[in-house]
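**Q** Can you keep this structure in mind? I'll have questions shortly.
The values are calculated or read from the model by the stated rules, or taken from the named source; none is laboratory data. In this text the structure is predicted, and so the values were computed from the model without any measurement. Cβ placement follows ideal geometry from the backbone for every residue including glycine, while neighbour counts extend to all protein chains displayed. Side chains included, ligands, DNA and RNA excluded: accessible areas come from the protein's heavy atoms. Shrake-Rupley method; radii C 1.70, N 1.55, O 1.52, S 1.80 Å.
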Amino acid sequence: MTAGAGTAGTTAGTTAAPGDEPTLSARLARFAVDCRDHGVPDAVRADIPGRVLDILGLALAAYADPGADAAAAALRSVRRWGGIGEATVIGSGDRLPAPAAALVNGVLAHSLDFDDTHLPSVLHPSATVVPAALAAAEAVETGTAAGGAALVAAVAAGIEITNRLGMAGYLPATGVNVFFERGQHATSICGTIGAAVAAGLLYGLDDVGIGHAIGIAASMGAGILEANRTGGSVKQAHCGWAAHAGVSAAVLAADGLTGPPTVLEGRFGFFTAHTGDFTADALLRGLGTDWEVLRTVYKPYPSNHFTHPGVDCALALRAGGLDPADVAEIELGVAAPVLRTIAEPTAEKTRPRSAYHAKFSGPYTIAAALLGGGGLGLSLDDFAGELPADRLALAARVRCVADPRASELFPRAFAAVLRVRTRGGALLEHRVDSSRGGPQNPLSAGDLATKFQLNAERAVPPARIAALRDAVLGATGAGVTPSALLALTASAR
């Protein structure tokens with residue numbers, strides 16, 4: 001790889017014609033460079049190490065999970081590609097070219113569907129941006145571990161831009177997310193650009209270079225959501241490919257490839273191609289002062305986020321004494337837009353094809369919450385191996401419907417109501433207006449520590465987990481390079 005620190009100003013072209021107002025990509029690029037050169041607010045700086053730690057824990061758990069077939073496939077593929085070893089694969093310790101390492105680590109980060117979510121865009125920014133930033137940071141050894149100012153600024157800028165691109169495709173007047181309506185995975189489409197920004201900052205690009213990285217990355221982002229409905233493991237690879245494409249876009253920009261200045265708002269630009277409409281105000285309002293990264297929430301359960309409020313309801317009824325053996329029928333009421341993901345097609349959702357497919361099933365996650373449990377309420381072990389017959393039988397008794405209140409709150413919060421008819425004729429009901437971990441009910445520091453510990457211990461020994469946690473959070477991380485940090489993730493298995 002020829003890109004590295006000191007490449008600022010080496011890219012050709014400009015992000016706006018002389019005399020013109022700055023384009024959207026130029027304004028985002030200037031914001032990103034300001035984050036690197038002048039730092040980010042204290043609240044944002046304090047938030048980012050937790051994002052990095054969460055992603056590392058998820059990647060380690062996926063590395064040790066025999067069901068994470070997409071990650072295994074990605075690692076086999078990139079090993080065949082070869083190339084100069086610049087960055088580390090989490091878990092395996094493989095040294096690969098930065099784009100290839102970002103690919104595998106992004107697949108690992110998203111494989112378990114346990115990564116964070118931004119509302120109201122309903123995308124998962126960290127699983128793309130963090131792997132891209134870590135790969136680029138290793139390639140140039142920028143910053144000191146995850147607490148290094150350069151890495152923190154790069155991750156913050158990349159996540160912020162990813163979230164705002166996703167919000168620009170959300171139409172508040174109708175409550176419609178246009179990406180989702182078209183079957184597009186905003187996580188990977190928008191995340192490719194966020195990853196390019198993060199990597200470009202670490203490679204030392206100036207605002208013109210970052211503008212070109214955005215312009216290049218916009219041609220690389222993709223992702224189709226049909227796997228949420230009918231199966232297949234390709235969705236697990238979406239964040240990895242976005243991280244790979246983002247790092248590649250930054251390297252290409254550093255080496256002289258250019259992108260169109262109006263790549264976002266132009267007649268044949270990003271928003272025309274992906275949404276047909278967008279709200280520029282959502283992209284730019286409060287940029288640099290009102291941080292969307294702080295509205296990115298952590299998942300307590302390793303399943304599609306739309307299933308979480310139903311899981312909360314089921315866990316509450318179980319805690320109240322509901323005996324699953326006494327259940328005659330269950331009605332799960334959720335926001336109307338999520339039915340296509342967790343309830344349709346009915347035959348696929350009441351009897352999922354695989355443990356991974358079960359993560360996207362409203363009926364199965366309700367059954368798992370009533371019959372299983374672990375971790376923070378549901379654990380990775382609830383979605384492993386063959387699906388138990390008793391859970392499938394209970395899932396067959398769950399009917400999913402649109403609930404008006406949940407629909408009204410969506411997508412600012414994920415809400416649900418669960419109604420259970422017992423064999424004796426009693427009707428039990430529980431409602432949540434914001435799922436656990438959501439904006440009105442965030443996970444505690446203790447919850448997040450437990451989540452990381454349970455994930456990381458699936459792959460590495462306890463002493464290494466403590467060292468990794470301390471390095472990322474900065475307790476003993478002064479002077480730790482990204483390579484040394486990621487070396488702590490190498491599996492002992």
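**Q** Cα centroid distance between the stretch 371-432 and the stretch 164-201, in Å?
**A** Centre-to-centre (Cα) distance: 28 Å.
**Q** Something else: In nanometres, what is the gap between the two model label sites at T422 and Q453, each 7 Å from Cα along Cα-to-Cβ?
**A** 3.6 nm
**Q** Also: Sorting check: for 251-258, 445-452, 171-178, which peptide has the highest mean count of neighbouring beta carbons within 10 Å, and how do the rest follow?
**A** So the order, starting with the most tightly packed, is 251-258, 445-452, 171-178.
**Q** Taking a virtual spin label 7 Å from the Cα of F268 along the C-beta vector, which residues in the stretch 190-231 bring their backbone nitrogen under 18 Å of it?
**A** 215-221
**Q** If you stretched the chain out fully between S444 and A487, how much longer would it get, using 0.36 nm times the residue separation minus the C-alpha to C-alpha distance?
**A** Here the answer is 12.7 nm.
**Q** Per residue, how much accessible area does the stretch 67-122 have with a 1.4 Å probe, in Å²?
**A** 28 Å²
**Q** Then there is this: Take each complete run of DSSP H in the chain, measure how far its Cα atoms stretch along the helix's own axis, and keep only those covering 27 Å or more with mean Kyte-Doolittle hydropathy at least 0.5; list them.
**A** 42-63, 149-168
**Q** May I pose another question? Could you name the lysines in cross-link range of K451, using Cα to Cα under 18 Å and dropping any fewer than eight places away on the same chain?
**A** Within reach: K299, K359.
**Q** Among P49, G106, S219, pick out the residue whose Cα is farthest towards the positive end of the charge dipole of the chain, where Lys and Arg carry +1 and Asp and Glu carry -1 on C-beta, about the Cα centre.
**A** So the residue we want is G106.
**Q** Here is a follow-up. I need the calculated FRET efficiency for the pair R353 and H38, taking r as the beta carbon distance and R₀ as 45 Å, to the nearest 0.05.
**A** E between R353 and H38, to the nearest 0.05, is 0.35.
**Q** Over the stretch 48-162, what percent of the accessible surface lies on carbon and sulfur atoms, probe 1.4 Å?
**A** Values: 1330 of 2430 Å².
Roughly 55 percent, rounded to a whole number.
**Q** Could you work out how far the C-alpha centroid of the stretch 293-322 sits from that of the stretch 68-103, in angstrom?
**A** Answer, in whole Å: 33.
**Q** With every protein chain in place, what's the accessible area of R27 (1.4 Å probe, Å², nearest 10)?
**A** Roughly 110 Å² of R27 is accessible to a 1.4 Å probe.
**Q** Continuing with this model, one more query. Within 10 Å, count the other beta carbons around each residue, average over each peptide in 282-288, 433-439, and list them highest first.
**A** 433-439, 282-288
**Q** Give, in nm to one decimal, the length gained when the segment between W81 and E408 is fully stretched (0.36 nm per residue of separation minus the Cα-Cα distance).
**A** 112.9 nm
**Q** Continuing with the same structure: Would you mind telling me the share, in percent, of accessible area of the stretch 301-349 contributed by carbon and sulfur at probe 1.4 angstrom?
**A** On the way: 780 of 1480 Å².
For the stretch 301-349, the apolar C and S fraction of the accessible surface comes to 53 percent.
**Q** Within the stretch 354-385, whose backbone N sits under 19 Å from a point 7 Å along Cα→Cβ of E329?
**A** Under 19 Å, as judged by backbone N against the label point of E329, lie 362-364, 366-367 of the stretch 354-385.
**Q** Can you tell me the length gained on complete extension of the stretch R340 to D20, counting 0.36 nm per residue apart and subtracting the Cα distance? Don't skip to the end; give the middle numbers.
**A** Working: separation 320, 0.36 × 320 = 115.20 nm, distance 4.35 nm.
Stretched out fully, the R340 to D20 stretch lengthens by 110.8 nm.
**Q** For the pair D69/A393, report the inter-label distance in nm, with labels modelled 7 Å from Cα in the Cβ direction.
**A** About 2.8 nm, to one decimal.
**Q** I would also like to ask the following. Label points 7 Å out from Cα along the Cβ direction at A319 and D277: separation in nm?
**A** 4.1 nm
**Q** Jot down the per residue volume, in cubic angstrom and as a whole number, of the convex hull over the alpha-carbon atoms of the stretch 198-327.
**A** Expressed per residue, the convex hull around the Cα atoms of the stretch 198-327 is 177 Å³.
**Q** Further, regarding this structure: Divide, for the stretch 32-161, the radius of gyration over alpha carbons by 2.2 N^0.38 Å, where N is the residue count.
**A** That works out to 1.03 for the stretch 32-161.
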